[in-house]
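First the structure, in the form of structure tokens, and then the observations on it.
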Amino acid sequence: MRYISTRGQAPALSFEEVVLTGMASDGGLYVPETVPSLSHDDLADMAGLSYAEIAFRVMRPYVNGEIDDETFRGIVRDAYATFSHDAVVPLNQLDANHFLLELFHGPTLAFKDVALQLLGRLLDHFLAKRGERAVIMGATSGDTGSAAIEGCRHCDNLDIFILHPYQRVSEVQRRQMTSVLADNVFNIAIEGNFDDAQAMVKASFADQSFLNGTRLVAVNSINWARIMAQIVYYVASAVALGAPHRKVSFCVPSANFGNVFAGYMAFRMGLPVERFVIATNANDILHRTLADNDFSKQELVATLAPSMDIVVSSNFERLLFEAYERDGAAVAALLERFQAEPTALADAPLSRLRETFASHSVDDATILEVIREAHHRTQEILDPHTATGYRAAERERGDESVPMITLATAHPAKFAEAVVKAGFPGVPLPPHMDDLLEREERYTVLPAELAAVQRFVAENRR
Ligand SMILES: *Cc1c(COP(=O)(O)O)cnc(C)c1O
């Protein structure tokens, strides 16, 4: 198994290289050269297995023998032992055939833990094997930083520096990052906004000379290993509901498209899926593209579901590559046009996408209405991201005999603002986190100056 770029011009890489590499050198994203298959028997044999064992079986072909089986099993087991629910990602039945797949039982209460708990350990494994160390840098507006920190805190060969805008992230989000006191974790509060923080991280990747040759690694959602880890819960949940003997549908609150693309990979591997419903908030590029063939950027809107606030959906390129029948040149040309002006997909690729994907966009007023309505009907308090999924699933449900699985991407306590706006008194943090507001914090405030940030990183990395 090799990995190739969606734009067709970058060298093919091994699994190890793809884990250590972000974007391909031609600006594309890496995807596996062939899609491994899960046969009817493979799926049937998974009934009753633990999440970690299913994860091992689903991911094994992507790892391609580059980690021996026992070591990889151990890595997977450790990654998912950090989840507070024994089922790792439990299914919660809402009504006759609508289920929530709870992806928020990891250390930071959102689904990104599923991928980042694994990615940190994979990076550490490969770095140890090479006798190398690496530095991770990232900017966060609050949410993904903590999942990255939790994923790396136990990694001997990694130092992680996460920049957040000083006094501009919520207290819960800040404390989820700054209360991790591990020696290899550095939180930097930038006296500026998120864009300033992001710009400094980008500039550091563009010129890494300040690290004197140490590798700088990104753990953003274009890393293939993150997609790979997310394939697993599609398979595990479908098997729990009767796959391969019956089909299921999935509804996925989406932004950068990493999550739902992983579902599509599960489908391509052989999981029987009726269809995928893509839910967006008011930042609806995915919905506009699928419904109206309007593939264009629009102004960013700040919504009640902030982890889905995006202008461009980076992982959508991976799906376009499939829709354009793996014609890297066509994908490169389309995306070049897209950067410059509003554009549209060609007819054949668009109809291919519409065979498998439906979409629905949900605005803020509707998010609040859905949180109230879902509580009334099911007693569940949904987080605002999951609420977009709930509404889209209800709208696009289709064949009533096919179970609909809506991915619950965050715990409602993490996004209490929307829950309170919907008229609830708030949601308590789960028991293992209820002392979060008393924990000791550590972070460094720095001016929004590239030189100051780079000096801090260079001096503190181990
Ligand atoms: C990141 C995130 C999403 C969007 O996932 P993508 O993979 O970017 O589509 C949805 N909900 C929550 C809570 C998230 O953190």
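The values are calculated or read from the model by the stated rules, or taken from the named source; none is laboratory data. Bear in mind the structure is a predicted one, so any value in this text is a computation, not a measurement. Cβ placement follows ideal geometry from the backbone for every residue including glycine, while neighbour counts extend to all protein chains displayed. When the accessible area is computed, the model is the full protein with side chains, heavy atoms only, and any ligands, DNA or RNA have been set aside. Shrake-Rupley method; radii C 1.70, N 1.55, O 1.52, S 1.80 Å.
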Legend entry - Which listed residue, of Gly106, Gly22, is touching a residue at least 12 places away in the same chain (Cβ under 8 Å), open to solvent by 10 Å² or more (accessible area, probe 1.4 Å) and within 16 Å of the ligand (Cβ to nearest atom): Gly22
Inset, instruction - State yes or no: is Gly27 without any contact (Cβ under 8 Å) to a residue 24 or more places away in the chain, on the phi > 0 side of the Ramachandran plot and either among the hydroxyl-bearing types (Ser, Thr, Tyr) or not in a helix (DSSP H, G or I) (or both)? - result: no
Legend entry - Long-range neighbours under 9 Å by Cβ, at least six apart or interchain, first residue over 20 Å from Asn259 (Cα atoms) within region 230-245, second open to solvent by 10 Å² or more (accessible area, probe 1.4 Å) and among the acidic types (Asp, Glu): Pro244/Asp41; Pro244/Asp42
Inset, instruction - Give the residues of region 399-420 that are polar (S, T, N, Q) and open to solvent by 20 Å² or more (accessible area, probe 1.4 Å), sorted by residue number. - result: Ser401
Inset, instruction - Sort out which residues of region 65-98 are touching a residue at least 24 places away in the same chain (Cβ under 8 Å), touching a strand residue (DSSP E or B) at 6+ places or on another chain (Cβ under 9 Å) and either surrounded by 21 or more Cβ atoms within 10 Å (Cβ to Cβ) or not hydrophobic (A, V, I, L, M, F, W, C) (or both), and write them in order of number. - result: Val89, Asn92, Asn97, His98
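Yes or no, residue by residue, for (1) over 19 Å from the mean Cα position of the chain (by Cα); (2) farther than 30 Å from Asp195 by Cβ:
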site	(1), (2)
Asp292	yes, no
Ser313	no, no
Gly328	yes, yes
Glu336	yes, no
Ala340	yes, no
Arg391	yes, yes
Inset, instruction - Report the residue count in region 431-447 for those that are in contact with a helix residue (DSSP H, G or I) (Cβ under 6 Å, 6 or more places away or on another chain) and in a strand (DSSP E or B). - result: 1
Inset, instruction - May I ask you to list the residues in region 216-263 that are away from the ligand (no atom under 15 Å from the Cβ) and assigned to a strand (DSSP E or B)? - result: Leu216, Val217, Val248, Ser249
Legend entry - Odd one out for Phe321 among (1) touching a Cys at 6+ places or on another chain (Cβ under 9 Å); (2) more than 16 Å from the ligand (Cβ to nearest atom); (3) part of a helix (DSSP H, G or I): (1)
Legend entry - Among the candidates Ile4, Ile67, residue that is more than 16 Å from Ile227 (Cβ to Cβ) and β-branched (Val, Ile, Thr): Ile67
Inset, instruction - Name, by its number, the condition in (1) surrounded by fewer than 18 Cβ atoms within 10 Å (Cβ to Cβ); (2) within 16 Å of the ligand (Cβ to nearest atom) that does not hold for Ile278. - result: (1)
Inset, instruction - Determine whether region 31-47 contains at least one residue that is assigned to a helix (DSSP H, G or I), modelled with pLDDT of 95 or more and buried (at least 24 other Cβ atoms within 10 Å of the Cβ). - result: no
Inset, instruction - Search region 146-169 for residues that are open to solvent by 10 Å² or more (accessible area, probe 1.4 Å) and pair each with any residue that is within 16 Å of the ligand (Cβ to nearest atom) and assigned to a loop (DSSP other than H, G, I, E, B) when their beta-carbon atoms are under 6 Å apart and the residues are at least 6 apart or on different chains. - result: Glu150/Pro107; Glu150/Thr108; Val169/Gly142
Legend entry - Which listed residue, of Leu286, Leu304, Leu300, is modelled with pLDDT of 95 or more, part of a loop (DSSP other than H, G, I, E, B) and within 16 Å of the ligand (Cβ to nearest atom): Leu304
Legend entry - Hits in region 179-200 - residues which are buried (at least 18 other Cβ atoms within 10 Å of the Cβ) and among the hydrophobic types (A, V, I, L, M, F, W, C): Val180, Val185, Phe186, Ile188, Ala189, Ile190, Ala197, Met200
Inset, instruction - Hey, could you check region 344-372 for residues that are in contact with a Phe, Trp or Tyr (Cβ under 8 Å, 6 or more places away or on another chain) and of a type in the set (Val, Ile, Thr) and say which is most open to solvent (accessible area, probe 1.4 Å)? - result: Thr356
Inset, instruction - Determine whether Asp156 is part of a loop (DSSP other than H, G, I, E, B) and either farther than 21 Å from Leu407 by Cβ or small (Gly, Ala, Ser) (or both). - result: yes
Inset, instruction - Could you list, in sequence order, all residues of region 263-275 that are more than 18 Å from Ser351 (Cβ to Cβ), in contact with a strand residue (DSSP E or B) (Cβ under 8 Å, 6 or more places away or on another chain) and crowded, with 22+ Cβ neighbours inside 10 Å? - result: Gly263, Ala266
Inset, instruction - Go through the residues of region 133-145 one by one and say whether even a single one is assigned to a helix (DSSP H, G or I), farther than 22 Å from Pro384 by Cβ and free of Cβ contacts under 8 Å to residues at least 60 places away in the same chain. - result: no
Legend entry - Answer residue from region 421-454, given it is among the aliphatic types (A, V, I, L, M) and without any contact (Cβ under 8 Å) to a residue 24 or more places away in the chain and is surrounded by the most Cβ atoms within 10 Å (Cβ to Cβ) among those: Ala452
